[in-house]
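Structure record follows, encoded as structure tokens.
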Amino acid sequence: VFLLLLTVLSTTYLGKIVCRAAVTWFGFAFGMMLAALTVRFGLKGQVLAIVWLFPHFLVYVPATIFFLLWCEGLHDTIYRKKNLPTGEEKFFAWKAVQFLLFAAAMCFGCMLERCVGSKLLTGYLRIF
């Protein structure tokens, strides 16, 4: 839902501001989660965060960076007339393909989180 909202808002005048606010929110959320784990569990909490986020965040982080750049590029193309394509149909078809690639990467990250991440986390929590 958040990503669809970000996609829609990137086509408005506030698109670039919303993308930068999303980056700020992601940073604050990650920092607060890491701080809470460190305060509660110390060094074990930091290791827990790494084990918890390891396999699927190797896919999520690049995909999210790509998506935020995609949203900013869409905003710039619509409102600042940067990188204007020769045909609008080709442009929107290419943007749709890029969005579908992003969605496929997120689905792959979900599969990694479900299959690999849960086993790693369970194994770590047994020795925790």
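The values are calculated or read from the model by the stated rules, or taken from the named source; none is laboratory data. It should be emphasised that the depicted structure is a prediction, and the values quoted were computed from it without experimental measurement. No Cβ is skipped: glycine too gets one built from the backbone with ideal geometry, and neighbour counts run over all protein chains shown. Side chains are part of the model used for accessible areas, which takes the heavy atoms of the whole protein and leaves out ligands, DNA and RNA. Shrake-Rupley method; radii C 1.70, N 1.55, O 1.52, S 1.80 Å.
Data for the structure
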{"item": "Sole residue being closer than 25 Å to ALA93 by Cβ and out of contact with any strand residue (DSSP E or B) (no Cβ under 6 Å at 6 or more places or on another chain), chosen from VAL39, VAL18", "result": "VAL18"}
{"item": "In region 1-39, the residues that are at pLDDT 90 or above and either of a type in the set (S, T, N, Q) or assigned to a loop (DSSP other than H, G, I, E, B) (or both)", "result": "THR24, THR38"}
{"item": "All positions within region 54-79 that are aromatic (Phe, Trp, Tyr), open to solvent by 50 Å² or more (accessible area, probe 1.4 Å) and under 13 Å from the mean Cα position of the chain (by Cα)", "result": "PHE57, PHE66"}
{"item": "Cβ-Cβ under 6 Å pairs, at least 6 apart or on other chains, region 47-75 side among the acidic types (Asp, Glu), far side open to solvent by less than 10 Å² (accessible area, probe 1.4 Å)", "result": "GLU72/CYS19"}
{"item": "Search result, residues across region 80-109 that are modelled with pLDDT of 85 or more, open to solvent by 60 Å² or more (accessible area, probe 1.4 Å) and in contact with a Phe, Trp or Tyr (Cβ under 9 Å, 6 or more places away or on another chain)", "result": "LEU101"}
{"item": "Flag for LEU6 being buried (at least 16 other Cβ atoms within 10 Å of the Cβ), of a type in the set (A, V, I, L, M) and touching a residue at least 60 places away in the same chain (Cβ under 8 Å)", "result": "yes"}
